[in-house]
Every structure is written in C-alpha cells, then in structure tokens.
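Peer 1: Here it is, the structure in full.
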Amino acid sequence: SIFENAKKGSIAVAQQIANVIKDKQAKGEKCVLGLATGSSPRDVYAELVKLHKNEGLSFKNVITFNLDEYYPMDENSVNSYRRFMREALFNHVDIDADNCHVPDGSLDKDKIQEYCTAYESKIEKLGGIDLQLLGIGSNGHIGFNESGSLQNSKTRLVALDYSTRLAASKDFGGLSNTPKTAITLGVKKIMEAKEVILLAWGEGKSAIINKAVEGTVTNQVPASFLQEHNNVTFVVDREASSRL
Ligand code: GLP
C-alpha cells in the first residue's frame, strides 16, 4: 500500500493492528504481536497510544515479542530497545508488563543460545505471531537478520553489518561505541507470522524497497523472503515507493 506520507500510513497500520486486537478480544483470545523498533514504527505506536487514550482500545489480551536487541545492552541504557518500547508504547497503554518480551541483551554469552530457543518456544506455545510489524534496513535486513541470513534461520546472536552500525552510530555517539552484535528473532519465525506488515518511509528506503519487492528472492536481501509470505503488506510512503 502506498500512502501520501508516513503519518497517514501509520494511522492506517495502527487501525489495522487495533482491529486484530479487537477481533481476538471478541473471541476471548490472546493477541500475539511481533514488534519492531527504529524510527519507522514510531508513529504507529503513537497512534496506538491515542487509540488507547481516546477510544479505550485495551491491550489486556496483548502479548508482544520484539524482534531484536543490541548485545551487549543493559535494558535501562538510553539505546536499549526495551527502553525504546517502554517509552513509545508499553508505558502508555494497559498492557501487562509480563506480556512484553524484548530480547535480553544483558546475558552472559554462554546463556544466549538457550535463551533464544526459549524465546521461540514461548511464541510457539502461544500459537505463533498473529501480526508481525517490521522496518527494513537500508541493506535489506529485517530485525537484525543481515545479508546472508537464511530463510530458516533461528533466533540467535548475530554480527551487525558495517552499514547497520554506521546508521546506528549517531545514537551511540560514534562507531567505536556502537555494538558489534545483536540478538534477533530469526527469519523463520518472522515468516511463520500469520500476517506481516513492513513499513518504509522516505526516499532513502526507495532503492531497497525496490529490491525487496521486485528483486530476486535472495538471502543477500532478507526482506525479499517476504515475497514468499502469503499475507504480507509493504506499507510505504510516496518517496519510498518512487522506484517501484
Ligand atoms: C534497525 C532495527 C531494524 C529496523 C532498522 C531500520 O536496524 N534493528 O529492526 O528495521 O533499524 O530502522 P529505521 O526504521 O530507523 O529506518
């Protein structure tokens, strides 16, 4: 879907998420959301907060799993994705804190693999992700599944690409302070989500959106795997769609 601007696209996506939450509520079921960080989903979260405050949208039945977290990362650090999510969404709605999952960037290295397996098991026990929200890196990464990630990759510790670290370095006050690794949900769990919405705004994303949507399906561009998903929407603004 192409929207005139990011604001309008974000309002539509928030509405769509609200509808999934309400459908599940009506059936007395839990709603499992896969959530993303970065600048792209910011307005979607702001709109969801508005729907909570103005229209009484409840998150009591919502369980969230974030895609990724830097490693190493203390959850209270200014750059942690846990903190980002608290400030953008969790602190402003009636979601149960125990239902908000963000990968833990503070574990000892030898505990990570076990932790990642348990993270996936929790998702599986709930019946999988109902709706997965994604951004896209300028190199085509989804979550922190960088170029070369396999379609069946699991949740794991990954090395970040130089381009990813460079993009993040402004938040960390320089490349030397920017983490070199991260924990990310694998491509497999993303592909198993019942519905996927990928957001991209601005001219800077137009080249990679073209590759992801119209290019060959390749592990060089992990977002291109989504072409094989049966319920995916790329939600873009005019600028990001300009090379389609
Ligand atoms: C980071 C995140 C990704 C996100 C990407 C794009 O690398 N781990 O999940 O999609 O940035 O960020 P932005 O939305 O700020 O362009």
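Peer 1: What residues from the stretch 128-148 fall in the zone where the backbone N is under 18 Å from a label point 7 Å along the Cα-to-C-beta line of K60?
Peer 2: The answer is none, because no backbone nitrogen lies closer than 18 Å to the label point.
Peer 1: Next question, about the same structure. Once both labels are modelled 7 Å past Cα along the beta-carbon direction, what's the E87-Q220 spacing in nm?
Peer 2: Each label point is offset 7 Å from its Cα along the Cβ direction, giving 3.7 nm.
Peer 1: GNM, the chain, Cα, under 10 Å: largest mean-square fluctuation among F59, F172, F234?
Peer 2: Looking only at F59, F172, F234, the biggest GNM fluctuation is shown by F172.
Peer 1: Of K22, K122, how do they rank once you tally other Cβ atoms within 10 Å and put the fewest first?
Peer 2: K122, K22
Peer 1: Hey, which aspartates and glutamates would be in cross-link range of K53, C-alpha to C-alpha under 14 Å, not counting anything within fewer than 8 residues on its own chain?
Peer 2: Answer for K53, where 14 Å is the Cα cut-off: D94, listed by chain and number.
Peer 1: Please build a GNM for the chain, connecting alpha carbons under 10 Å apart, and tell me which residue among N66, N230, N145 fluctuates the most.
Peer 2: It is N230.
Peer 1: Ok, one more. Measuring from label point to label point, each 7 Å out along Cα→Cβ, what is the Y162 to K194 span in nm?
Peer 2: Output for this residue pair reads 4.4 nm.
Peer 1: Which whole-number percent of Cα pairs in the chain have a distance greater than 27 Å?
Peer 2: 30
Peer 1: Can you compute the modelled spin-label distance between K109 and S138, with each label point 7 Å from Cα toward Cβ, in nm?
Peer 2: 3.0
Peer 1: Cα-Cα over 18 Å: which of K50/K170; K122/K194; K22/K50?
Peer 2: Long pairs (Cα-Cα over 18 Å): K50/K170.
Peer 1: Evaluate the relative contact order of the stretch 2-237 (contact order divided by residue number), counting alpha-carbon pairs under 8 angstrom at least 6 apart; express in whole percent.
Peer 2: 22
Readers should treat all values here as calculations from the given coordinates under stated rules, not as data from a laboratory. Quick caveat: nothing in here was measured; it's all calculated off a predicted structure. Methodologically, a virtual Cβ is constructed for each residue, glycine included, from the backbone with ideal geometry; neighbour enumeration extends over all protein chains shown.
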